[in-house]
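The values are calculated or read from the model by the stated rules, or taken from the named source; none is laboratory data. As the structure is a computational prediction, the values presented were derived from the model and not from experiment. Cβ: placed from backbone, ideal geometry, glycine included. Neighbour counts: every protein chain shown. Each accessible area value is taken on the protein alone, full model and side chains, heavy atoms only, with ligands, DNA and RNA left out. Shrake-Rupley method; radii C 1.70, N 1.55, O 1.52, S 1.80 Å.
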Amino acid sequence: MKDSPITLIQPDDWHLHLRSGAALRSVVGMSAAQMGRAIIMPNLTPPITNTTQALAYQTEIMAALPAGCKFEPLMTLYLTDNTTPQDIRVASGLIKAVKLYPAGTTTNSANGVTNIGAIYPALEAMQKAGMPLLVHGEVAEYEVDIFDREAVFIEKILTKIVKDFPDLKVVFEHITTKNAADFVLASSNKIAATITAHHLLANRNDMLVGGIKPHYFCLPVLKRAKPHQAALLAAATSNSGKFFLGTDSAPHAKSDKESACGCAGIFSAHCAIELYAQAFEEQDAVDKLEGFASKFGADFYNLPYNTNTITLVKREWVVPNEYPLGNSTVVPFMAGKKLGWQLKTD
Ligand code: NCD
Ligand code: ZN
């Protein structure tokens, strides 16, 4: 019934930026309050490129959790031109996935892959080990319009990887276009995608109409309402099993975003599941939320579902204007706006 509480198997976040040090300590509790597990992005400075670094980072995350919090950080490696098959063999069983950032595409991607041919031996080893490849699906060439970079990545790079490694598991991360949703649907069951809450709830008008709003700037950049945002909403609520929750919550200090050259990233960990509930409700698809948020990602990664549940209640609340982030603050997604769902915390 409309407005009755929503109880879900505890969800997981299959794409999360937690940062390190004081920033990590500021944000990790917000994800842990909602999510059972999260795939932790490796784009620190310097990036997490080997298993030793990833396990040390995992220990740091566990130590930063507020007392009494249960949360499982699932670690990833940052792929470079120099990642070897041996790096993958060492990682196998300890590390959940490996992330491809084409160099120059996004925050801390300078050490990313410059030549796809260079990572073929690593991809071969990943295919063998059953280790998923997570892709930031954009090209970085200046000549390619920023709104077309995902579609061009599919044409020029992803189609070839999927053809050359038919058994490699691939998560097309934070998809933003109809092209990407269609590609995933048309591919084998080895290919899945994460969708963020902000790409479901916002489009490029929210970022640009009435003035540039830096807190809506992320990569891949928000696209048009039609056909792209509409296609993401249809994919997320499709129950196909190929699309699952990945917030891409990416905290940046307020001053780094409110700048002449503001950086990319939207922080949404403070109310991730509430945002998804709103998006699904607007599609009349609240009954599809549990699959997307709590089951399909676990199925893809061959993990059991979480055994506890969370409950969302229909209650209006206003998102704070800022949260602490180390010595600074972060402006959260939907700052100052009303949300209709709230996580029950008793
Ligand atoms: C992310 C970040 O800030 O680390 N930024 C973003 O706009 N999404 C990096 C990324 O996932 O692309
Ligand atoms: Zn990300």
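Of all residues in the range 222-239, those being in a loop (DSSP other than H, G, I, E, B) and surrounded by 17 or more Cβ atoms within 10 Å (Cβ to Cβ) number 3.
Can you tell me which residues in the range 9-27 are hydrophobic (A, V, I, L, M, F, W, C), more than 16 Å from ligand 2 (Cβ to nearest atom) and surrounded by 18 or more Cβ atoms within 10 Å (Cβ to Cβ)?
9
Within the range 49-70, if we keep just the residues that are among the hydrophobic types (A, V, I, L, M, F, W, C) and open to solvent by 10 Å² or more (accessible area, probe 1.4 Å), the residue that is farthest from residue 131 (Cα to Cα) turns out to be 67. Given the structure, is residue 174 within 16 Å of ligand 2 (Cβ to nearest atom), at pLDDT 95 or above, at negative phi and not in a strand (DSSP E or B)? No; evaluated as a whole, the condition is false for this residue. Which members of the range 129-143 meet the condition of being open to solvent by less than 10 Å² (accessible area, probe 1.4 Å) and of a type in the set (Gly, Ala, Ser)? Listed by number, the list holds a single entry, 137. Evaluate the following for residue 73: is it open to solvent by 50 Å² or more (accessible area, probe 1.4 Å) and in contact (Cβ under 8 Å) with a residue 40 or more places away in the chain? Here the answer is no, as residue 73 does not meet what is asked. When you scan the range 253-267, do you find a residue that is open to solvent by less than 60 Å² (accessible area, probe 1.4 Å), assigned to a helix (DSSP H, G or I), in contact with a His (Cβ under 8 Å, 6 or more places away or on another chain) and not hydroxyl-bearing (Ser, Thr, Tyr), even just one? Looking through the range 253-267, at least one residue is open to solvent by less than 60 Å² (accessible area, probe 1.4 Å), assigned to a helix (DSSP H, G or I), in contact with a His (Cβ under 8 Å, 6 or more places away or on another chain) and not hydroxyl-bearing (Ser, Thr, Tyr). Filtered by the rule that a residue be more than 23 Å from residue 245 (Cα to Cα) and not β-branched (Val, Ile, Thr), the range 26-56 gives 46, 47, 50, 53, 55, 56.
If you check 260, 272, 234, 298 for being of a type in the set (A, V, I, L, M) and without any contact (Cβ under 8 Å) to a residue 12 or more places away in the chain, only one passes: 260.
Restricting 182, 167, 148 to those that are open to solvent by 20 Å² or more (accessible area, probe 1.4 Å), more than 25 Å from residue 38 (Cβ to Cβ) and assigned to a loop (DSSP other than H, G, I, E, B) reduces the list to 167.
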